[in-house]
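The values are calculated or read from the model by the stated rules, or taken from the named source; none is laboratory data. Just so it is clear, the structure is predicted and the values come from calculations on it, not from any experiment. Cβ placement follows ideal geometry from the backbone for every residue including glycine, while neighbour counts extend to all protein chains displayed.
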């Protein structure tokens, strides 16, 4: 990381939703206000749902800037999940106002950005501004998957958020593939193939 980062607007960037079989991949970008520290920031996966939602509200109300970026299912299928994740992160950073002057990104690859960027493996566990980005991204995506549960009942999206749980895999076989399923992912491909065989 840069020694004593002198730049004013340092954005943390993280994505959620690379592993699910359904739904978008979502990225968060956050520029924290050094005069308004937020206690309890941590990797979103290590926090309870209640704590995530509390921190999400704090981040949105006290950060200098925050933004959500996303890549849709069709984009995931077209350009692959890695490229879609990088695209979602780029969209999140470009949506920040004020714009970031430096970006700290969770993982080992940086998206294409107009500012300097550093990738930090497990950054969501060690860098608070990246933790903040992971929290707003997860809360946003989880809320959308709850909405999808109402649109597509029977799949259990409200619980597994699109991840390949046993319940989700069984539902694919019984109910078929929805418009929000990623057709380039193996289990969804197989479900589609089984439907074709049935006809």
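Which count do you get for residues in the range 157-196 that are farther than 17 Å from residue 18 by Cα and surrounded by 17 or more Cβ atoms within 10 Å (Cβ to Cβ)?
So the count comes out to 5.
In the range 75-100, how many are under 16 Å from the mean Cα position of the chain (by Cα), under 23 Å from residue 178 (Cα atoms) and part of a helix (DSSP H, G or I)?
Qualifying residue count, the range 75-100: 8.
From the list 68, 81, which one is out of contact with any helix residue (DSSP H, G or I) (no Cβ under 9 Å at 6 or more places or on another chain) and within 30 Å of residue 172 (Cβ to Cβ)?
81
Check off (1) in contact (Cβ under 8 Å) with a residue 12 or more places away in the chain; (2) part of a helix (DSSP H, G or I); (3) under 17 Å from the mean Cα position of the chain (by Cα) for residue 173 and give me the number that stays unchecked.
(3)
Report whether or not residue 80 is surrounded by fewer than 24 Cβ atoms within 10 Å (Cβ to Cβ) and under 20 Å from residue 185 (Cα atoms).
yes
For the range 68-100, give me each residue that is touching a strand residue (DSSP E or B) at 6+ places or on another chain (Cβ under 7 Å) and more than 24 Å from residue 163 (Cα to Cα).
93, 95, 96, 97, 98, 100
Can you pull out every residue in the range 8-43 that is modelled with pLDDT under 95 and either in a helix (DSSP H, G or I) or within 30 Å of residue 183 (Cα to Cα) (or both)?
Listed by number, the list holds a single entry, 43.
Need the failing condition index for residue 113 against (1) more than 28 Å from residue 159 (Cα to Cα); (2) in contact with a helix residue (DSSP H, G or I) (Cβ under 9 Å, 6 or more places away or on another chain); (3) in a helix (DSSP H, G or I), just the number.
The number of the failed condition is (3).
When you go through (1) in contact with a strand residue (DSSP E or B) (Cβ under 7 Å, 6 or more places away or on another chain); (2) free of Cβ contacts under 8 Å to residues at least 60 places away in the same chain one by one for residue 61, which number turns out not to apply?
(1)
Among the candidates 140, 163, 155, which residue alone is assigned to a loop (DSSP other than H, G, I, E, B), within 28 Å of residue 46 (Cβ to Cβ) and in contact with a strand residue (DSSP E or B) (Cβ under 8 Å, 6 or more places away or on another chain)?
Of 140, 163, 155, the one residue that is assigned to a loop (DSSP other than H, G, I, E, B), within 28 Å of residue 46 (Cβ to Cβ) and in contact with a strand residue (DSSP E or B) (Cβ under 8 Å, 6 or more places away or on another chain) is 155.
Would you check which residues across the range 176-199 are closer than 21 Å to residue 77 by Cβ and in a loop (DSSP other than H, G, I, E, B) and list them?
Listed by number, the residues that qualify are 176, 177, 178, 179, 180, 182, 183, 184, 185.
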